[in-house]
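Here is the structure we will look at, set down as structure tokens.
Laboratory data are not the source of any read-out in this text; all were calculated from the coordinates shown. Since this is a predicted model, take the numbers as computed values, not measurements. We place every Cβ from the backbone using ideal geometry, glycine too, and count neighbours over all the protein chains shown.
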Amino acid sequence: MKTDTRPSSAGAKAFYNNPKYRGWIYQSLLLIFLIAFFYSIISNTLSNMAAQGIKSGFGFMTTSAGFDVLMSLIPFETTDSYTKVFIIGILNTILVSIIGVICSTMLGFIFGIAYFSRNWLIKKISIIYVETFRNIPVILQVLFWYTAVLTTLPSTRDSLSIGEAFFLNIRGLYIPRLIDEPKSFVVYIAIVIAIVAIFFLRRWARKRQDLTGEQFPLIWSSLGILLGLPLLALFIAGVPFHFEYPELKGFNFQGGINVIPELMALAIAMSIYTGAFIAEAVRAGIQSVPHGQTEAARSIGLKERKIMSLIIVPQAMRVITPMLNSEYQSLVKNTTIATAIGYPELFTVFAGSALNQVGQAIEMMFMSLAIYFALNMMISFIMNQFNKRVAITTR
């Protein structure tokens, strides 16, 4: 007696031909392969390390570093642990990244918009800036600012100064330090309240404009709130702040804040370099807006400044934002070139100086890679959220 197997084979074929189930199979096989691959690498690495007498683990993080760090945003001594060195590297990386993102964005938008200026000189300056700085490797620009500019500044006794508050010399820029007193929390609370008030004011102004068509002076109102509330709190609390000014004592300045030349060179070079790429992104975004938008705005009597700020740039942001995301991430990754001039960011101070002493390359490189990955994923998340807000919504 023959058994008909066609229904079961047809069912298996239908199961395999289903894209959903077939995708599960492929993904499961890929996951199994990746697990086996990484397990093989890790087990072989641990075996080789054990054979060579190399210790593994993260116990070294609690041992004393035994070396000093050029710049630290938190108190640090040579007896502190490698954990603190790791934190200092992260903070210094974030600091130069924030400075670079802010300054490069400002430069990029200024020169990107200047490309469309009717003034011949301004337009040519924009073109020269973009074509010059984006075609010179960023590490050469860092070395130029550090060796050819900042290290040629005068000594501390012959510092360039602005009044008795700002001093620039071969050891960096010295600026006053703001010292807060016990009642300063009143001002900080006022700043938080002002930010929250501006947030709700912005939502109200948008709803008001949607209902009435009238534009609310949001920028000036926000500035008034952001400055007015803290100033009011400042006087109520009796000005609970004072400045600590840098003073020349002996061969160096004491007091104030010292912006080291390594930070200045890295921030300047990366801002100018990344700003050139952002300027090109801004130019492309503006050109993507149909020219009819400009003509329509002119026909109703809007000035060029209003056309650019209210009509062109908001529409161009849907093209500019994805490119900004890429440039910001590149800027964070480019901070690793700071090792060329000794700025103590994460790669220099932890994956460099600390690694040379400890020798546990796998753990330390893994930690460094994880931080850079996390920073870039954070930037990607923020920019993707912003991109959703500026994207054109369709039904």
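Per-residue Cβ neighbour counts within 10 Å put 72, 221 in the sequence 221, 72, beginning with the fewest.
Taking the chain as a Gaussian network of alpha-carbon nodes connected by springs under 10 Å, the highest mean-square fluctuation of the residues 187, 138, 69 belongs to 187. With contacts taken as Cα pairs under 8 Å at a separation of at least 6 residues, region 126-172 carries a relative contact order of 28 percent.
Membrane-span-like helices in the chain, defined here as complete DSSP H runs extending at least 18 Å along the helix axis by their C-alpha atoms with mean Kyte-Doolittle hydropathy no lower than -0.5, are 19-51, 82-114, 120-133, 185-212, 218-236, 261-287, 313-334, 361-390; this is a sequence and geometry rule, not a statement about a membrane. Ranked by the mean number of other Cβ atoms within 10 Å per residue, highest first, peptides 330-336, 156-162 order as 330-336, 156-162.
The distance between label points at residue 249 and residue 155 comes to 2.1 nm (points 7 Å beyond Cα on the Cα→Cβ vector).
Residue-wise HN-Hα couplings along region 242-250, as the Karplus relation 6.51 cos²θ - 1.76 cosθ + 1.60 with θ = phi - 60° gives them from phi, are 8, 9, 9, 8, x, 10, 6, 10, x Hz; Gly and Pro carry x. The value of relative contact order for region 178-241, using C-alpha pairs under 8 Å at least six residues apart, is 59 percent. Each stretch of four or more DSSP H residues adds -39500 (n - 2.57); spread over every residue of the chain, this sum gives -20500 deg cm²/dmol at 222 nm. Remark on residue 81: its backbone amide H falls under 5 Å from those of 65, a criterion applied only to residues 5 or more positions apart or on other chains, H modelled at 1.01 Å from N. Legend: translational diffusion of the chain by Stokes-Einstein, Rh = Kirkwood radius over C-alpha pairs, 25 °C, 0.890 mPa s; D = 93 µm²/s. Overall dimensions of region 178-241, expressed as equivalent-ellipsoid semi-axes from the Cα gyration tensor (√(5λ), whole Å, largest first), are 31, 10, 7. Working ranking of peptides 42-54, 305-317 by packing, defined as the average number of other Cβ atoms within 10 Å per residue, highest first, is 305-317, 42-54. Between the listed residues 197, 209, 241, the Cα displaced farthest toward the positive end of the dipole of region 178-241, a dipole computed from Cβ unit charges relative to the Cα centre, is found at 209.
Of the chymotrypsin sites (Phe, Trp or Tyr not before Pro) found in region 243-340, those in coil by DSSP whose Cβ has at most 11 other Cβ atoms within 10 Å are 251.
On the beta carbon distance between residue 211 and residue 295, with R0 = 35 Å, the FRET formula returns roughly 0.80. In terms of its C-alpha gyration tensor, region 27-116 has an oblate overall shape, because the principal axis ratio a/c (a ≥ b ≥ c, square roots of the eigenvalues) is not below 1.5 and a/b does not outweigh b/c. Based on Cα contacts under 8 Å between residues 6+ apart, the chain shows a relative contact order of 22 percent.
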